[in-house]
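Just below is one structure, and these are the notes that go with it.
The values are calculated or read from the model by the stated rules, or taken from the named source; none is laboratory data. As the structure is a computational prediction, the values presented were derived from the model and not from experiment. Cβ atoms come from the backbone with ideal geometry, glycine included; neighbour counts cover every protein chain shown.
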Amino acid sequence: MQWDIVIGLEIHVQLATKTKIFSGSSTAFGAEPNTQASAVDLAMPGTLPVPNEQAFRYAVMFGLAVNAEIGRRSVFDRKNYFYPDLPKGYQTTQLDHPIVGPGFVDIDLADGRSKRVRIHHAHLEEDAGKSLHEDFHGMTGIDLNRAGTPLIEIVTEPDMNSAEEAVAFAKKLHSLVSSIGICDGDMSQGSLRFDVNISLKPKGSDELGTRTETKNLNSFRFMEQAIAHEVERQMDILEDGGRIIQETRLYNGDRDESRSMRSKEEANDYRYFPCPDLLPVEIDDAFIESARVLLPELPDDRKARFKEQFGLNDYDAGLLSADARLAGFFEETASHGKDPKLAANWVLGEFSARLNAEDKTVTQAPITGTQLGQLVTRIADNTVSSSGAKKVFEALWNGEGDNADAIIESQGLKQVSDTGALEQMVDEVLANMPDQVAQYQQETDPKKQKKMLGGFMGPLMKASRGQGNPKLFNEILLKKLKG
Amino acid sequence: MTISREDIEKVAVLARIRLDEEQIPALEKDLGNILSLVDQLTAADTDNVEPLAHPLDAVQRLRPDEVTESNQREAFQAIAPATENGLYLVPRVIE
C-alpha cells in the first residue's frame, strides 16, 4: 500500500531574555545548580508571578516575523501535572488566548519548490527545571535554574509531508528566531527543541491517521532520522493490519531506536484552568509598533535583496541569507571584493568549509570579510590564480599576513600576465613537445583536442613556476597550435 | 449530578492523594454535591456573556527585564529534606 506522511511540529524556543518569565532571576547559562532559582521559581508559598515585558516583546516580534495576528488580550492558564522539576505542580502556559495567532512560513525545497507551512499559533510559557538521573544514592538530583525560563511554543498545522520538508521548516525557523535575536539558537544547549507529530494515511485519503509524538529532538540530523524511523515503524504496524496507538515516544539518536514514553490516552489529563495569579495581558498598538521597529531584516527579505543587489542565484542567496552572521560576513566580503558572485563562491566554499572543519562559528573565524574581499578582488583582476588564491586564503587564515596583497607579494604568488613573457614560455614548451603538437594538429574531434590541450598546461605551469595566468596561456596555446 | 467511584479514584491519582477504601463513599457524596452546584450554575443563561479570565476587571502589569533576584540557595536549601552538590534530591524518577 502507498502511504502519505503527515507531519506537524511543536517547537519550544527559549527566549533570550536576561531574566525569567515570572521572576527577576537571571537566565544566564552555566551557573552553579539552583543559584538562579528564586522563591517564585521554587513555588514558595505566598509568592506571586510578575510577567517579563521583554518576553512579550520577543513573542510579538516572532508573530510579526511569521505574518501572524497578535493576540491583543492573552491569558495564562495552568497545565497541571506532577514532576519534580516542576515545583508548582503546574506549568503556567497559554491555552485559549495565546499571544501569537495563525501565521505562516514559506520554505524552499531542494527541487526548487517553495511550500507554505501554516503556524497554528504560538504561546508563551515557562520552561521546567532539569532532572539529573545520575546516581545520588538512589535519588534524583533537581536543578531549578532553568525553571521559569521563558519559552514560546510554536505549533504548526500538519502541513509537512516528508522528513525533508520538516527539516527545511525547522532550519528556516531556527534561522528566523536567531536572525531576529529572540533566541540564541544554540541547539546543543537546548535553546530550540522540536517535537514531531507523525501520522500516516492511505495515499490520497482525506482522513488523518492516529499520530504519535516524538519529543525533544535537538538536532536537525536526529530529527531527520527520528522521522524516518517513526514512519517505518508505523508503516510496518499498519501493513501488518495493526493499529497505531496515540502516544509520546522518545528517540535515541545514538542507537536509532525509539520507545514509548507514556500513553497520552490515559496518563495526560492536564485539567487546564485560567491562572488566578495572573491578570489578562493587553497588548496595544504602541507595544506592537515598539516590537516592529526592533525587527531586523528578515531572512526572506535579505534573500530577495541579495538576488537583486548582487545578482546571486536563488540557491546561493538562500544559503547566504539564512544566517544573519554569515550574511553580514558575505556583505562585508562583497563590499570589498569587486565580484559579488565570486565573493559568494568563496564565502560558501573555502570559508564555510574551513569553519565546518574547525567547528567554528562565523564570529570565531580568524579572517574578516574585508580581508577575504581584498583577496576576491585580486582573483577577479587576475593578479592571483585560483590555486594561488587558495594559498593566500590559507595564509590569511593562519595569520601569516594581514592582507592579500602583502601575502601575494611575499610568497611570490603574483600571476604573470605579461603576454610577451608568456608567449616565450609557450614557444619553449611547444618546441620540447613536437610529437604532442603533431598529434594535436592531426586530431579532428574538438573534444579530444580540448583534452589534449590540458597536456600542455602542466609543463607551462611548471615553466612559469605556477605563476602564469592560465587563461592567457590557454589563449596563446590555441593561437600557436592552430599554426 | 453523581460522580463514579472510578472518577474519584482517577482524580485522586492525578492529584497524588492516597485514598483509603472507606473514604470513598463520603467523597462520592461531597463531590456529588459540588457538581450539583456546578449544574445549577450551568443552568444560568450566559449566551451574551463573555467568559471571564479573572474576577478582577484589571490588566496585568508587566515587569522590565532586569535581574532583581540574588542567589539565596543556602537559605532555600536549609529547609529541603535532602540536597547534594547544590541539587535538591528527590526520590528517584524514571520515565
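What to note about this one:
- When A:R211, A:R193 are checked against the criterion of being within 30 Å of A:L48 (Cα to Cα) and under 33 Å from the mean Cα position of the chain (by Cα), A:R193 stands alone in meeting it.
- Matching residues, segment A:24-67, being acidic (D, E) and facing chain B (nearest Cβ under 7 Å): A:E32, A:E53
- Test: residue in segment A:24-44 that is touching a residue at least 40 places away in the same chain (Cβ under 8 Å) and not in a loop (DSSP other than H, G, I, E, B): no
- Qualifying residue in segment A:253-268 (condition: away from chain B (no Cβ under 14 Å), in a strand (DSSP E or B) and among the acidic types (D, E)): yes
- With a requirement of 1 or more residues that are farther than 21 Å from A:D405 by Cα and among the hydroxyl-bearing types (S, T, Y), the helices (runs of 4 or more DSSP H) lying completely within segment A:297-380 that satisfy it span A:314-322, A:352-357.
- Just so you know, in segment A:71-90 the residues that are buried (at least 22 other Cβ atoms within 10 Å of the Cβ) and part of a strand (DSSP E or B) include one that is farthest from the chain's Cα centre (by Cα), and it is A:D77.
- Boolean, B:S70 is surrounded by fewer than 15 Cβ atoms within 10 Å (Cβ to Cβ), of a type in the set (S, T, N, Q) and within 14 Å of another protein chain (Cβ to nearest Cβ): yes
- Flag if A:F473 is touching a residue at least 40 places away in the same chain (Cβ under 8 Å), outside the structural domain of A:I379 (by TED's automatic domain parsing) and surrounded by 12 or more Cβ atoms within 10 Å (Cβ to Cβ): yes
- Residue in segment A:43-70 that is surrounded by the fewest Cβ atoms within 10 Å (Cβ to Cβ), counting only those that are in contact with a Pro (Cβ under 8 Å, 6 or more places away or on another chain) and more than 22 Å from B:T68 (Cα to Cα): A:E69
- Any chance A:A304 is aliphatic (A, V, I, L, M) and in the same structural domain as A:D77 (by TED's automatic domain parsing): no
- A:D195 being within 30 Å of A:S25 (Cα to Cα), surrounded by 15 or more Cβ atoms within 10 Å (Cβ to Cβ) and in contact with a strand residue (DSSP E or B) (Cβ under 8 Å, 6 or more places away or on another chain): yes
- Subset of segment A:127-156 (residues that are of a type in the set (A, V, I, L, M) and free of Cβ contacts under 8 Å to residues at least 12 places away in the same chain): A:L132, A:M139
- Residue within segment A:101-109 that is more than 14 Å from chain B (Cβ to nearest Cβ), crowded, with 19+ Cβ neighbours inside 10 Å, modelled with pLDDT of 95 or more and out of contact with any Ser or Thr (no Cβ under 9 Å at 6 or more places or on another chain) present: yes
- You will find that of A:L294, A:L326, A:L319, A:L279, the residue that is within 14 Å of chain B (Cβ to nearest Cβ) and touching a residue at least 24 places away in the same chain (Cβ under 8 Å) is A:L294 and no other.
- The single condition among (1) in a loop (DSSP other than H, G, I, E, B); (2) surrounded by fewer than 22 Cβ atoms within 10 Å (Cβ to Cβ); (3) not hydroxyl-bearing (S, T, Y) that A:D135 does not meet is (1).
- Candidates A:E331, A:E358, A:E350: the one that is surrounded by fewer than 16 Cβ atoms within 10 Å (Cβ to Cβ) and modelled with pLDDT of 90 or more is A:E358.
- Hits in segment A:185-204 - residues which are outside any strand (DSSP E or B) and out of contact with any helix residue (DSSP H, G or I) (no Cβ under 7 Å at 6 or more places or on another chain): A:D186, A:M187, A:S188, A:Q189, A:G190, A:S191, A:K203, A:G204
- Within segment A:229-259, the set of residues being touching a residue at least 60 places away in the same chain (Cβ under 8 Å) and either exposed (fewer than 14 other Cβ atoms within 10 Å of the Cβ) or over 17 Å from A:I5 (Cα atoms) (or both) comprises just one member, A:E239.
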